[in-house]
Amino acid sequence: MNIPRIILMLLTLCALALAGCSTKVERLDVSEVRDLSGRWNDIDSRQVAEAMVQDCLNRPWLTRYITRTGQTPDIIVGAIRNRSTEHISTETFTKDLERALINSGKANFVASAEERLSVREERLDQDLNASPETRKAPGMEAGADYMLIGSINSIVDKEGREQVIYYQTNLELVDMADNRKVWIGDKKIKKYVERPKFKW
């Protein structure tokens with residue numbers, strides 16, 4: 001075997017090795033389920049939010065409220081705490097809850113404390129700068145009838161290359177008038193993860 005042929009083979013092998021190390025990006029449909037790590041992900045967040053809101057809005061408290069007041073309840077999402085063993089964006093989960101509540105058509109949603117501050121600033125600006133017929137008066141905000149609060153928890157059972165991750169999301173709906181809990185719900189997810197023997 002001559003030297004130029006050996007060099008050509010080495011160059012070919014190097015090119016193949018480099019091609020195998022390059023980054024590959026593929027666009028996915030946002031509803032596609034693809035678990036890579038086994039950790040909490042966007043699909044978990046959306047599915048848990050939708051299931052819990054559906055359960056919440058199909059319980060007796062809603063019928064009792066509508067019968068008593070003749071109105072649709074105003075709900076606000078309060079603190080959702082991450083008590084799991086990993087980083088979870090509770091803001092994404094909160095937005096999934098808000099979306100499911102609004103899209104249900106069975107409840108109105110009130111803006112969060114942070115969101116209300118920016119709206120109030122705009123209202124003050126309107127008071128000074130907007131025409132009288134388009135100006136929105138202060139003191140007309142809708143107060144929430146109920147607050148949704150809760151937590152995301154996890155337990156990890158691990159042995160060698162195998163692990164089971166158990167998530168439990170707990171939510172409670174609290175009456176703003178008297179602090180009574182009118183609904184308590186939970187949603188569980190369990191994932192089995194097997195790590196490869198060798199990592200490249």
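A short reminder: the numbers here are calculations on the coordinates, not readings from a lab. It should be emphasised that the depicted structure is a prediction, and the values quoted were computed from it without experimental measurement. Cβ atoms come from the backbone with ideal geometry, glycine included; neighbour counts cover every protein chain shown.
Summary table
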item	result
Filtered residues of segment 120-150 (kept if aliphatic (A, V, I, L, M) and surrounded by 13 or more Cβ atoms within 10 Å (Cβ to Cβ))	Ala130, Ala144, Met147, Leu148, Ile149
Subset of segment 151-168 that is under 29 Å from Phe93 (Cβ atoms) and small (Gly, Ala, Ser) - its residue that is surrounded by the fewest Cβ atoms within 10 Å (Cβ to Cβ)	Ser151
Subset tally (residues that are in a loop (DSSP other than H, G, I, E, B), surrounded by 14 or more Cβ atoms within 10 Å (Cβ to Cβ) and touching a residue at least 60 places away in the same chain (Cβ under 8 Å)) for segment 34-63	4
Residue list for segment 64-109, filter: assigned to a loop (DSSP other than H, G, I, E, B) and either more than 17 Å from Ile43 (Cβ to Cβ) or touching a Leu at 6+ places or on another chain (Cβ under 7 Å) (or both)	Gly70, Gln71, Thr72, Pro73, Thr85, Gly105, Lys106, Ala107
Unmet requirement for Leu117, which otherwise passes all of (1) of a type in the set (A, V, I, L, M, F, W, C); (2) within 23 Å of Asp178 (Cα to Cα); (3) not in a loop (DSSP other than H, G, I, E, B)	(2)
Subset tally (residues that are in contact (Cβ under 8 Å) with a residue 24 or more places away in the chain and either of a type in the set (A, V, I, L, M, F, W, C) or part of a loop (DSSP other than H, G, I, E, B) (or both)) for segment 156-199	16
Of all residues in segment 64-88 being among the hydroxyl-bearing types (Ser, Thr, Tyr) and in contact (Cβ under 8 Å) with a residue 12 or more places away in the chain, the one that is surrounded by the most Cβ atoms within 10 Å (Cβ to Cβ)	Ser84
Filter result for Asn103 (within 23 Å of Arg39 (Cα to Cα), of a type outside the set (Lys, Arg) and within 17 Å of the chain's Cα centre (by Cα))	no
